[in-house]
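The values are calculated or read from the model by the stated rules, or taken from the named source; none is laboratory data. In this text, all values refer to a predicted model and were calculated from it rather than measured experimentally. A quick note on method: Cβ atoms are made from the backbone with ideal geometry, for glycine too, and the neighbour counts reach across all protein chains shown.
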Amino acid sequence: MPLDQWATHFELLDNADGKLIGRADRPLIRAARGEDVKTTWLLRQGRDKRWLEGSAAPIRDDNGAILGGAMVFRDITDRQRAAEELRQALEEGDRMRALLAAAKQRNAA
């Protein structure tokens, strides 16, 4: 799919603040300007969401002039979901420990 059509089918959101990444700030565009980009993004198409981890870098000729950019990414959705489930389980464990401590304290009184 051509880059100019890609944006009409998908939304790319910043992992840090959840805001939509504008065309000028997309990783491949930034790489074509000379930036090295390494980050995590949320890709959204309708209701479907996928977490991506990737990097983009400029492609240069022998003289250092920028010819374009290259981007690679991998889907880390399963890892992100597992991390969220672990976070929720740890929070639930904390709540249970607090309830148990409160019950022990009442029984001791």
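Of note, Leu67 does not satisfy the criterion of being hydrophobic (A, V, I, L, M, F, W, C), assigned to a helix (DSSP H, G or I) and over 15 Å from Arg50 (Cβ atoms). In the set Ala109, Ala70, Ala16, only one residue is hydrophobic (A, V, I, L, M, F, W, C) and at pLDDT 90 or above; that residue is Ala70. Please verify whether the stretch 95-108 includes one or more residues that are in a strand (DSSP E or B) and without any contact (Cβ under 8 Å) to a residue 60 or more places away in the chain. Scanning the stretch 95-108, I find no residue that is in a strand (DSSP E or B) and without any contact (Cβ under 8 Å) to a residue 60 or more places away in the chain, so the answer is no. Pairing residues of the stretch 14-36 that are free of Cβ contacts under 8 Å to residues at least 24 places away in the same chain with residues that are surrounded by 11 or more Cβ atoms within 10 Å (Cβ to Cβ) and among the acidic types (Asp, Glu), at Cβ distances under 9 Å and at least 6 apart in sequence or on separate chains, gives Leu20/Glu11; Leu20/Asp14; Ile21/Glu11; Ile21/Asp14; Asp25/Asp14.
Considered as a group, the residues in the stretch 32-51 that are modelled with pLDDT of 90 or more and aliphatic (A, V, I, L, M) include one that is farthest from Gly18 (Cα to Cα), and that residue is Ala32.
The rows are residues; the columns are (1) hydrophobic (A, V, I, L, M, F, W, C); (2) within 31 Å of the chain's Cα centre (by Cα); (3) more than 16 Å from Val37 (Cα to Cα).
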position: Gly54; (1), (2), (3): no, yes, no
position: Ile59; (1), (2), (3): yes, yes, no
position: Gly68; (1), (2), (3): no, yes, no
position: Arg79; (1), (2), (3): no, yes, yes
position: Gln88; (1), (2), (3): no, yes, yes
position: Arg95; (1), (2), (3): no, yes, yes
position: Ala101; (1), (2), (3): yes, no, yes
